[in-house]
Structures are given as structure tokens and as C-alpha cells.
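This report refers to the structure that appears directly beneath it.
The values are calculated or read from the model by the stated rules, or taken from the named source; none is laboratory data. All figures in this text were calculated on a predicted structure; none of them were measured in a lab. Here the Cβ positions follow ideal geometry from the backbone for every residue, glycine too, while neighbour counts run over all protein chains shown.
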Number of protein chains: 2
Amino acid sequence: MNTITLSHGSGGKASNELIKNLFFKYFSNEILNTAMDSGVFNLRDGFFAFTTDSFVVKPLFFNGGDIGKLAVCGTVNDLAVSGASPKYLTCAFIIEEGFSLDELEAIVKSMAYWADKAGVKIISGDTKVVGKGESDGVFINTSGIGEIIKGVSLGIDKINIGDKVIVTGTMGDHGFSILSKRKGLTFETTLASDSAPLNKMLENVLKNVKGVKFMRDPTRGGLASTLNEVVTDKSGILIKEEKIPISDSVRGISELLGMDPLYMANEGKAVIIASSDTAPKIVELLRENEYGKNACIVGEVTANYKNKVCIETIIGTVRILDMPQGEIVPRIC
Amino acid sequence: MNTITLSHGSGGKASNELIKNLFFKYFSNEILNTAMDSGVFNLRDGFFAFTTDSFVVKPLFFNGGDIGKLAVCGTVNDLAVSGASPKYLTCAFIIEEGFSLDELEAIVKSMAYWADKAGVKIISGDTKVVGKGESDGVFINTSGIGEIIKGVSLGIDKINIGDKVIVTGTMGDHGFSILSKRKGLTFETTLASDSAPLNKMLENVLKNVKGVKFMRDPTRGGLASTLNEVVTDKSGILIKEEKIPISDSVRGISELLGMDPLYMANEGKAVIIASSDTAPKIVELLRENEYGKNACIVGEVTANYKNKVCIETIIGTVRILDMPQGEIVPRIC
């Protein structure tokens, strides 16, 4: 038997074999292996972050990653941008009847690899199987708990006029990578998803610099969405087009398709808002990490454009960068 | 606009409106309302339980509950049977394009109601929208964190020969309720899902009696599956048919369909294995609670049938109650 059947989701013999031979094999750790209804662990006094994300990306495998890598890194990054050091993940699969067991194994292996790279343990899980045509391949939910780094407290309310806006690397890689794979644009061989676990890079910043006010990973809706979530009645953001790092491949495909990289999803990047005096040091620390080589300051928080995100173009004009409306690329993550 | 569109999952304007007008409206609490990538909270030194469950039940609304109630109670119960007091939940929706916003609101309202009843807060969430025909209505994942009750340590390894097996109420109600609704067996008007949050009832037991060794909620695969997960090379379980509480409605439909209630899912019941001296007191405490009125001792752990679950029938014969094979009723939860 090399495909998933309804009995794999029954809670009976086939379920138990799948759990033992696949999930426990790759995710094995002392907490998961107790096979209790919950993973149980010890925590010391402190603040903790708890987050969840479901992944429905299509296709499941793409240049630079797969749904499993995305599911681990996405939740790790949500914890990391909250100022936390990620500790434990759960993972829950919804699988369509008839799905290939080999593909499922490849996804699980990828999750185990990236969980290990990020330094997190998968300690509890769930598997549901739905009938043929009732879902689309596989959907994965990961939830995660992290320990807030001592002394760190981030939030939109911490942001002040004059703070700098930093991005940790090039914009739009994930979105265009998925889109090009889906459209069969195979000439774009250098286009790859940026999916990556950012926790170690961001922890290094938070432990060494005090000026970080807010962080978020610009996934669906891209940089434009994330910045629009940050502006308030008292302040706006002005970014400079010439400062925004964009890879040659993304620039090429974005011109070809007429789509703006600032609205496209990233899966291995963070936006950091920090005090202007500490921003250069933050960029320096980011650039030491493999995932932060193209980090730079792209703009600042300003009183001039309240409740708006504006972009100063290369030719010197200023235009509004609105919150995206409608769906640009569905099932991007 | 009264249905879900792809733009509700875009991370743009429509996403933010859905989050604000629906999820934040009903789930509102001081942690969720910070709208950060993770919910952040304080915990004291101790042991914690972390669990996850996806819900794909079909139909979404049924006698005795709906997918939202199930999603909250299911995760609350997974924490409770781990010996924890549930604290925080996350919830993640995968919604099919075209799904009714009214139905979504009914589900969210139900989740908010049952979270409140169980005393848990929903502090972080996620919404994905997939295209028409790419999923089936709505799937919900809930993950949860609970605080292990001081001094409590449960596990299969704690079970000894002579321990008693307790069930907290009638068996098979949820499974038959879903099945009858799906098959349109409307004559069974008294058949209802037992979906319920068991945390307060189980906490009361754990705080007042020391002898509890192991607990599990007999969901998919029913009591037969759960007990088969507990037996080892050193011990088996013998239950007595005449002791197992089964409602008249379930008995009726199980005879009609020729399906055994011991293999059918429960969503508001727990199996408790406890030392024989404390078992009567546990039953007494359970019966004080609205969800435990039919609690009773149904069997015991024995050296006679190693690695097997056996049932002594009403006429006095003993037969093996195997782990279920194949799928009995798909999409039961």
C-alpha cells in the first residue's frame, strides 16, 4: 500500500502504524515518544509566545522548499518576530485519500530537518484523512510555543517617529517562485523561495541591541501589507524604492508579469522597526547571518504621512503604497 | 458580500476586515487584541501540556453541536486527559471559497461560547482560503496549552495489574449522531453528540483523589481503540459488557445498523484508569458533574490477557475486542 487511505485517519490499526512508522520515526524525541494526548514539558517563570499557522501552498514542492519546510519555518518565524526563542511545535495533517505515501514521507523528512536546524522539537500531532476530492493533497497546521527573550517587549505601541524600517533581505522571492512554478515559467531557473528559519538571526539581534520596537515577517501581502498594519493615526512610514533589495530574478519576472514585488509574499524575511541610533548596528548583526546578507534600512517612521505607507520612487516622486485589495496569488503558503 | 472569497485569505484589506469584524469580535481578550504574530502571556514555573487537533467533521452542524464546539472541546479535552488545566487555545481556519459568512459566524460564536464555558482564551489565529472544490466547507485546527495540575503525573507506565477502568458516561453517542445525520436517519430524534468540555470535571477528580494513573478521551475508534492503546506485554484489560453505559438511542441505532458502540467515537467522555481503592471515590466525584452522571467502573487491568482487550459478554463468554481495522465512519471529528 503506497497511498493514504481513509483507514489511516480512523484512529485504528492503520492510523497507529502511520504514526509509528512515519511521524515518530522522523520527529522522535523524548516528549513526543510518550505518545500521550499532549506533549508535556517543564518551563521556568517567564513570558511565552503561542502561535498557529495552516499551510495550503500549491504546489507542495517548489524551488527552495516544500510545504513541510514552510510549515516549520513559518511558525518558527512567527514566534521569532514576537521576540521569542521557539521551543516546541505541534503539527497536524489533513490528508486527501489517495495521497502518495512517498510524498508524505518527503514532507515529514523536510519538517524534521528544518525543525532540527531551527532548534525546535515537534512534540504532538494529529492526522485526519478526508475523502478523494474533499481536500487538495495535504494541508499542514503547525502551532508553536516560544520563550520571550528576557527584557524584550515588542509592539506597535512601542514605535516612535524617527524610527528606522529595516528589511532583512530581498523582497518577493517566495511569491514569485510559487507563481512561476504554478504557471510553468521554467526559464526562471534562478528564482527560488526564500523560506528559512530566522530565529537564530533575530535572537542574536535582540540579545545584543536594545532598540528593536517591532518585528513582523512580511508573508501574504508582502512588505506593503506588513507596513500598512503598523501605521497609525499619529504616524506613517516612508520607504525609499532605491533602498529596497530585490533580486535580479524577481525584478525580471515582476516586470514580465507586471506585478509589484512589494506585494509578494516572503517566507524567510523580517521587517524590523528600531530606534534610529541602533538601526545601523542591527543591520551589521543581520548581515553576519546567512539569511541576512542583504539586510538594509529602507525607510523610516514619519509624522508627515499619518496612517499611510508612502514610497519615494527612484525618480523622486512620492506615492501611496496601499493595503492590497483582492487576491494576488492564492495558496502562496 | 455574504460568502468567503479568495481575498479573505490574501493578507490584505479583506483579510483584516474579516479578522476584525468576526474573529476579534467574538474571541476578544487582552492577549488576542494586541494583534501580534503570537499571543504572549506569563507563566510560572511548572509543567505544561501542548496539543493540537484538526477538525474536518461532516456535516458541520449536527444534533448536540457543530464543528466549532468540537474544535474547542476536543483540544480542551486532550489537555484535560493529560492532567492539565487548559489555559490558551489558538485556532486556524481553512475555508473554501464561497463558504457562507453566516455559517462561519455561527461557528465562531459557538467556539467563543464553549471557550468561555471551558475557561480558556483563544489568543492567536490564522485564516487560509482555498479555491472552490479545493477543500470541503471549513476545516478548523485548534492547538492548546494547559498547566499540569500540581503533583499529577499520568502515563501508560503508571498502570498496574488490578487497576480499575472507569468510563465517564455512555459510549458511542457522537459517532452515531454524525452517522445518523449523514444518512438522514431523522427518526432518531433523541440521538445527540456528547461533545462537551471535560476539564472542570477531570480537574476536580485530580485535585481530590491521588490514584489516577492514566486518562484518554475515546474519540476516533471509540473505547475499543483507546483500551487497545493501553495494553502491554505485561497486562491486558477485561471489561464487562453489562457494565458499559449505553443510551437507549445508541442501542437502538447500533442494532439497526449492526455497528458496535464500543468502536464509535465519543467527544465528551473520558476513560480513566485508577487504583482499585480510589476508583469508587472517583466515580462518586464524576457523578456530581453534569457530564459524568453515568460514570462507572467497567473493567480492570489484568495479567490474564496480556496485550489484549477482552470483553465478558452478558451471557458470560469472553471475546477479544480488537483494535479496529479499516475506516468505520470517516470525518467523525
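So A:E134 clears everything in (1) within 11 Å of chain B (Cβ to nearest Cβ); (2) surrounded by fewer than 20 Cβ atoms within 10 Å (Cβ to Cβ) except one condition, right? Which one?
Of the numbered conditions (1) within 11 Å of chain B (Cβ to nearest Cβ); (2) surrounded by fewer than 20 Cβ atoms within 10 Å (Cβ to Cβ), the odd one out for A:E134 is (2).
What do you reckon, is B:V309 under 16 Å from B:I237 (Cβ atoms), within 14 Å of chain A (Cβ to nearest Cβ), touching a Leu at 6+ places or on another chain (Cβ under 6 Å) and surrounded by 17 or more Cβ atoms within 10 Å (Cβ to Cβ)?
Yes: the conditions hold for B:V309.
Can you confirm whether region A:82-92 contains a residue that is basic (K, R), touching a strand residue (DSSP E or B) at 6+ places or on another chain (Cβ under 6 Å) and either facing chain B (nearest Cβ under 7 Å) or in contact (Cβ under 8 Å) with a residue 12 or more places away in the chain (or both)?
Yes: region A:82-92 contains one or more residues that are basic (K, R), touching a strand residue (DSSP E or B) at 6+ places or on another chain (Cβ under 6 Å) and either facing chain B (nearest Cβ under 7 Å) or in contact (Cβ under 8 Å) with a residue 12 or more places away in the chain (or both).
Return yes when A:I320 is surrounded by fewer than 22 Cβ atoms within 10 Å (Cβ to Cβ), without any contact (Cβ under 8 Å) to a residue 40 or more places away in the chain, more than 15 Å from A:G172 (Cα to Cα) and within 14 Å of chain B (Cβ to nearest Cβ) and no when it is not.
For A:I320, the condition - surrounded by fewer than 22 Cβ atoms within 10 Å (Cβ to Cβ), without any contact (Cβ under 8 Å) to a residue 40 or more places away in the chain, more than 15 Å from A:G172 (Cα to Cα) and within 14 Å of chain B (Cβ to nearest Cβ) - is met.
Filter region B:262-281 down to the residues that are away from chain A (no Cβ under 14 Å) and more than 26 Å from B:R331 (Cα to Cα), then identify the one that is surrounded by the fewest Cβ atoms within 10 Å (Cβ to Cβ).
Taking the candidates together, the pick is B:D277.
Within region B:100-124, count every residue that is within 14 Å of another protein chain (Cβ to nearest Cβ) and surrounded by fewer than 24 Cβ atoms within 10 Å (Cβ to Cβ).
1
For region A:46-70, what are the residues that are hydrophobic (A, V, I, L, M, F, W, C) and facing another protein chain (nearest Cβ under 7 Å)?
Listed by number, the residues that qualify are A:F47, A:F48, A:A49, A:F50, A:V56.
Looking for something closer than 24 Å to A:G316 by Cβ and touching a residue at least 40 places away in the same chain (Cβ under 8 Å) - is there at least one such residue anywhere in region A:249-258?
The answer is yes; a qualifying residue exists.
Can you tell me which residues in region A:17-45 are at the interface with chain B (Cβ under 7 Å from one of its Cβ atoms) and surrounded by fewer than 23 Cβ atoms within 10 Å (Cβ to Cβ)?
A:T34, A:F41, A:N42, A:L43, A:R44, A:D45
Within region B:163-177, is there a residue that is away from chain A (no Cβ under 14 Å), within 30 Å of A:D53 (Cβ to Cβ) and β-branched (V, I, T)?
no
Which residues, taken from region B:212-242, are part of a loop (DSSP other than H, G, I, E, B), within 23 Å of the chain's Cα centre (by Cα) and more than 12 Å from chain A (Cβ to nearest Cβ)?
Across region B:212-242, the qualifying residue is only B:V231.
Do we have A:V76 as surrounded by 21 or more Cβ atoms within 10 Å (Cβ to Cβ), at the interface with chain B (Cβ under 7 Å from one of its Cβ atoms), over 30 Å from B:M323 (Cβ atoms) and among the β-branched types (V, I, T) here?
The answer is no for A:V76.
Every residue in region B:282-306 that is touching a Pro at 6+ places or on another chain (Cβ under 6 Å) and surrounded by fewer than 16 Cβ atoms within 10 Å (Cβ to Cβ), please.
none
Of everything in region A:122-136, what is closer than 19 Å to A:A84 by Cβ and either in contact with a Gly (Cβ under 8 Å, 6 or more places away or on another chain) or without any contact (Cβ under 8 Å) to a residue 60 or more places away in the chain (or both)? Give them in sequence order.
A:I123, A:S124
Just checking, how many residues over region B:193-220 are at pLDDT below 95 and over 19 Å from B:E147 (Cβ atoms)?
So the count comes out to 1.
So, in region B:260-315, exactly how many residues are under 17 Å from the mean Cα position of the chain (by Cα) and assigned to a strand (DSSP E or B)?
2
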